[in-house]
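The numbers here are math on the coordinates, done by the rules we state, and not lab data. Treat the numbers as computed from the prediction; the structure is a model and nothing was measured. Reconstructed Cβ throughout: ideal geometry from the backbone, glycine too, with neighbour counts over all protein chains shown.
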Amino acid sequence: MKPRIQLLVPALLGVALAACVELTGQRISLRFDPAKDEIQILFCHDGIHESPPSRNEDGPKQIAEFVENGDVLFLDWPGSIQMKDIRERADDSSAPPALRALCAAVSSSVRSTAVGRYRDPDGRVGAAQLLVISRAREFIAKSNAAISEAILQASTSSDPVWTLTLKRMEEGAKQGRAWLSLEGHSIRFAFPAHSAEWARNKATYVKAILDGWQEAKEGNSNDNRPSFFMQLLALSPLSIDEGAEGVSIRLGDPKRPIAMRFAMRDVYNPKLESSVAAAVPVDLDDALATRLLGAEEGMAGAGVEAIAKWGLEEDSVRALLKRAAGADAASREASIAALRRIAEAWNRDGSLPRAPGPMDSADRYLDAWREWYRGVVAFPTGE
């Protein structure tokens, strides 16, 4: 598959160089609803800001088009998936059949909603996005077919260090192997691998990561792969099952929604705040706080309901902190009471960092929650 990867790199670099938008971090939660046959994914794009001026000044345009077109963003702007390109590929008669079928499934099954914008305790603007994939089982099946198609089109001799594994993968592709599968709220990726080849290459990769980490610590490299590798390994639950026949990687807990947090950079500037407000006019924290403090279920919209029911706890905390900062004494007391309930559930589950306990000062209590928020969005790799 190496030649295909080499062709892809210039395209990715082009996107990266053209991108004017960066994030300080991203938080993702995923849930599978078997009754509806839906995959639901919440994206929280933290600290949306303008990238260095040396790139260009199209950030406001990129944000507006991203929301209008229902695009998807994984981790950072170079990881954006543009729905316009997907639809064009679905209509491209020269594209491989299984890939066209997958792109058609994406076009018809995937819908994106901008839930709302927010400010974290340090004043940085972010935005939440809800992605819903309907007919999820069919979507996974077409994804598997497209993966098999790509493997069969690649030369098994194109990467000598993976020759034996690629041959096994080619046989799996011929047999219509299921590479991806859903297990409750978790996702499993399984592939046949030659055990000795896998062990050798895994060791080589880990050594390269550790060497890069040391170079970065010594100031001789700006390679961010070691940091990302650590964040990936720290995701929990993450399981890797290795055997004589292959490797299986499962991300998530089948019994509860996946929670993933990626802290990416500390820099931030406010240059795109007005663009985010124009593209995403809903104040998420106001809507979420109203829902958490007793509004009728279903009145706030699907995105807010998702955050309230199975989203990441820090978003509810942030909304309650904002409501508690208001002048209304009753809302302040109700918000603090709701925060205490969140703390009890969070600490009872043994989650980290520990949520604040009771304090004699409401202001100190709210400040402790703000510090907790900073810690949890960087967890588990942040200090």
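Listed by chain and number, the aspartates and glutamates whose C-alpha is less than 15 Å from the C-alpha of K207, apart from same-chain residues fewer than 8 away, are E215, D223. Legend: calculated FRET efficiency, V267 to Q175, from the Cβ-Cβ distance at R0 = 41 Å, rounded to 0.05, equals 0.25. The string of couplings for region 194-206 from the Karplus curve (6.51, -1.76, 1.60, θ = phi - 60°) is 6, 4, 5, 5, 4, 4, 4, 6, 5, 4, 4, 5, 5 Hz, one whole number per residue in order, with x for Gly and Pro. A DSSP coil position with no more than 12 other Cβ atoms inside 10 Å describes none of the trypsin sites (Lys or Arg not before Pro) in region 174-234. For the peptides 138-149, 228-239, residues were scored by their other Cβ atoms within 10 Å and the scores averaged per peptide; the highest-first order is 138-149, 228-239. Considering every alpha-carbon pair of the chain, the percent of pairs per 10 Å bin, from zero through the bin containing the longest distance, is 4, 19, 30, 27, 14, 4, 1, 0.
With the gyration tensor restricted to C-alpha atoms of region 43-151, the semi-axes of the equivalent ellipsoid amount to 30, 17, 12 Å, longest first. Using the Cβ-Cβ distance between D328 and F189 with R0 = 30 Å, the FRET efficiency computed as 1/(1 + (r/R0)^6) comes to roughly 0.05. Nearest 10 degrees is fine. How inclined is helix 313-324 to the longest principal axis of the chain, computing both from alpha carbons? For 313-324 against the chain, the angle is about 20 degrees.
Close amide H contacts of F74 (hydrogens built in the peptide plane, cut-off under 5 Å, sequence separation of 5 or more or a different chain): G79, S80, I81. Each label was represented as a point 7 Å from its Cα along the Cα-to-Cβ direction; for Q82 and K207 these points are 4.1 nm apart.
Computed from the alpha carbon positions, the gyration tensor of region 128-215 leads to an equivalent ellipsoid with semi-axes of 28, 21, 11 Å, biggest first. What the pair-distance distribution of region 107-257 shows, using all Cα-Cα distances binned every 10 Å from zero, is 9, 24, 33, 25, 9, 0 percent.
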